[in-house]
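Enquirer: I am attaching a structure below and will ask some questions about it afterwards.
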Amino acid sequence: MSRVLAPRRVLEPAAAERFAASLARSAMRRCGLGDVVASARSYELIWADVYVNAWIIRWSDDADTGFHDHDGSAAGIVVLEGDVVEERLALGGSPITRRFGAGQSFHMPASAIHRIRHGGGASALTVHAYSPPLTVQGVYREDAQGALERFTAPYTEELRGEQIAARA
Ligand SMILES: [Fe+2]
């Protein structure tokens, strides 16, 4: 990561996106970093300091985070390979859905509730930067009556959509 400038402060969402893009360019120069393919959704920590942490994540098959939040961390995401679909949870309506392909990037505020899933076809590879560093994830699911509930999970826990009722 020699050519990535370390951030000097907590990053706004657009700056987190730019930082993720910088990490992605560096990652593409590192031989073998794209070989994050052990499971349907596997990941590797590629940056961690007091302002930002970041992962490179491989998505394949039906990989799906389910709806979650970042507990106060803004995020920037860059797609290196394949397609992913992002959905923002909307009250009283269908989620707001966007599809992103290789070369595209996006960001979200610290307050966002979203879900990311593999977009189908060939596996996808993404870089995610969080600022301030992601420590806790808020995980959403429905109780037996359909009421929305939020649980917390450590950032080290991989989110899997099948654990979360994500009724659209
Ligand atoms: Fe997320």
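Bear in mind these aren't lab numbers, they're just calculated from the coordinates by the rules spelled out. What you see is a predicted model; the values in this text were computed from it and never measured. Here Cβ is always computed from backbone atoms with ideal geometry, including for glycine, and neighbour counts include all displayed protein chains.
Enquirer: For G66, list long-range residues whose amide hydrogen, built 1.01 Å from N in the peptide plane, is under 5 Å from its own amide hydrogen.
Expert: The answer is I116, G161.
Enquirer: What are the semi-axes of the equivalent ellipsoid for the chain, taken as the square roots of 5 times the Cα gyration tensor eigenvalues, largest first, in whole Å?
Expert: Semi-axes from the Cα gyration tensor: 25, 18, 14 Å.
Enquirer: Oh, and also: Mind listing the long-range amide H neighbours of L80? Cut-off is under 5 Å, sequence gap 5 or more, other chains count too, H placed in the peptide plane at 1.01 Å from N.
Expert: Here G103, L125, T126, V127 satisfy the definition.
Enquirer: How tilted is helix 13-29 with respect to the longest principal axis of the chain? Cα atoms for both, answer in degrees (0 to 90, nearest 10).
Expert: 60 degrees
Enquirer: Within segment 49-67, find all residues whose amide N lies under 18 Å from a label point positioned 7 Å from the Cα of S94 along Cα-to-beta-carbon.
Expert: Residues passing the 18 Å test: 67.
Enquirer: Under the rule of -39500 (n - 2.57) per DSSP H run of 4 or more residues, summed and divided by the residues of the chain, what mean residue ellipticity at 222 nm is obtained, to the nearest 500 deg cm²/dmol?
Expert: -3500 deg cm²/dmol
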